Structures are given as structure tokens and as C-alpha cells.
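Visitor: Here it is, the structure, as C-alpha cells.
The values are calculated or read from the model by the stated rules, or taken from the named source; none is laboratory data. Predicted model only: the values in this text are computed from it and were never measured. When we count neighbours, we look across all protein chains shown, and the Cβ atoms used for this are built from the backbone with ideal geometry, even at glycine. Heavy atoms of the whole protein, side chains included, go into the accessibility calculation; ligands, DNA and RNA do not. Shrake-Rupley method; radii C 1.70, N 1.55, O 1.52, S 1.80 Å.
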Amino acid sequence: MFAGYCWPQSVAPGATTTLYCHGEVERARLQVIRKGATDDVVLERTIQVFEQELPDDLSVVGCDWQPSGEVTVDLTWRSGFYLVRFVADDDRVAEA
């Protein structure tokens with residue numbers, strides 16, 4: 001399994017969101033993509049990936065995973081919807 005999420009899911013310019021990624025690989029490519037008439041990749045870099053526990057009561061207590069990194073929203077990024085995409089070395093994709 002390869003999965004990821006970010007928290008908080010909505011942030012203002014200059015604020016930071018924390019990234020969490022689970023998988024059997026050590027690293028993944030992170031892409032932050034502004035969705036619109038065209039998709040614009042505003043950030044791309046490598047992050048660490050950890051094999052993380054999936055609690056049985058995940059829907060109640062959350063994942064409580066070890067962070068894989070952070071993204072600070074650049075003040076120049078336009079307002080809109082941004083997709084966070086994690087791409088493993090074997091091309092598996094997780095989106096947040």
C-alpha cells in the first residue's frame with residue numbers, strides 16, 4: 001500500500017501544512033499542483049516515506065503517522081485548489 005495525506009488541508013499564504021506518507025519505499029517525489037484550466041506544478045521535491053501503522057479505528061482516531069515533510073505555501077502562489085501528489089519510485093501514486 002502507498003498512501004498519503006496533509007494536515008491541515010487548507011492553509012493561507014505563508015502558512016505550513018505537514019505531509020504524511022506511508023509505503024514500502026524510502027522516498028517519493030512530491031508534487032504540489034494548482035488545478036485549473038491547466039495544471040501548474042508549483043513545487044516538486046523528494047520526501048521521506050515511512051512504513052506506518054494503520055489503526056483499526058482509523059476513522060475515529062486518525063492515523064497519527066510520523067511526518068514525511070512540510071510545505072509552506074509561497075506568498076506568490078495564486079488562490080485556488082492545490083493537489084498534493086506523492087509518486088513512489090515504482091510509479092504508484094497517492095494524492096491528498
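Visitor: May I ask you to give the solvent-accessible area per residue for the chain, in square angstrom, as obtained with a 1.4 angstrom probe? Mind showing how you got there, number by number?
Guide: Working: 6020 Å² over 96 residues.
Each residue of the chain exposes 63 Å² on average to a 1.4 Å probe.
Visitor: Helix-derived [θ] at 222 nm for the chain: sum -39500 (n - 2.57) over DSSP H runs of at least 4, divide by residue count, nearest 500? Present the calculation step by step, with values, prior to reporting the outcome.
Guide: On the way: 1 runs with 4 residues, N = 96.
Rounded to the nearest 500, the figure is -500 deg cm²/dmol.
Visitor: Computed FRET efficiency, Cβ-Cβ of Val42 and Asp64, R0 30 Å: what is it to the nearest 0.05? Intermediate results must be reported in sequence, preceding the final value.
Guide: Numbers: r = 29 Å, r/R0 = 0.95.
In this case the efficiency is close to 0.55.
Visitor: Among residues other than Trp77 whose Cβ falls under 10 Å from its Cβ, what is the net charge (Lys/Arg +1, Asp/Glu -1)?
Guide: Numbers: positive: Arg34, Arg78; negative: Asp40, Asp74.
Net charge around Trp77: 0.
Visitor: Could you work out the longest stretch of the chain that avoids the GluC sites (Glu not before Pro) located in DSSP loops with at most 12 other Cβ atoms within 10 Å? Don't skip to the answer; put the middle values down first.
Guide: On the way: sites that count: Glu24, Glu26, Glu51, Glu53.
Of all site-free stretches, the longest is 54-96.
Visitor: Taking the Cα centre of the range 22-70 as origin, work out the dipole magnitude from +1 charges on Lys and Arg Cβ and -1 charges on Asp and Glu Cβ, in debye rounded to 20.
Guide: Numbers: 5 positive and 11 negative charges, 85 e Å.
The calculated dipole for the range 22-70 is roughly 400 debye.
Visitor: With the full set of protein chains in place, find how many percent of the accessible area of the chain is carbon and sulfur; take the probe as 1.4 Å. If you can, show how the numbers build up before the last one.
Guide: Numbers: 2890 of 6020 Å².
It is 48 percent, rounded to a whole number.
Visitor: Using the Kirkwood radius built from alpha carbon pairs, what does the Stokes-Einstein equation give as D for the chain at 4 °C and 1.567 mPa s, in µm² per second?
Guide: On the way: Rh = 13.9 Å.
D, rounded to a whole number, is 93 µm²/s.
Visitor: May I pose another question? Give, as a single signed number, the net charge of other residues whose beta carbon lies under 13 Å from the beta carbon of Thr18, with Lys and Arg counted +1 and Asp and Glu -1. Show your work: numbers first, answer last.
Guide: Numbers: positive: none; negative: Asp64, Glu70.
Neighbourhood net charge equals -2.
Visitor: Right, here's the next one. Which net charge results when you count Lys and Arg as +1 and Asp and Glu as -1 among the other residues whose beta-carbon is under 11 Å from that of Val87? Display every interim value, and only then the final one.
Guide: Working: positive: Arg27, Arg29, Arg85, Arg92; negative: Glu44, Asp89, Asp90, Asp91, Glu95.
Cβ neighbours under 11 Å give a net charge of -1.
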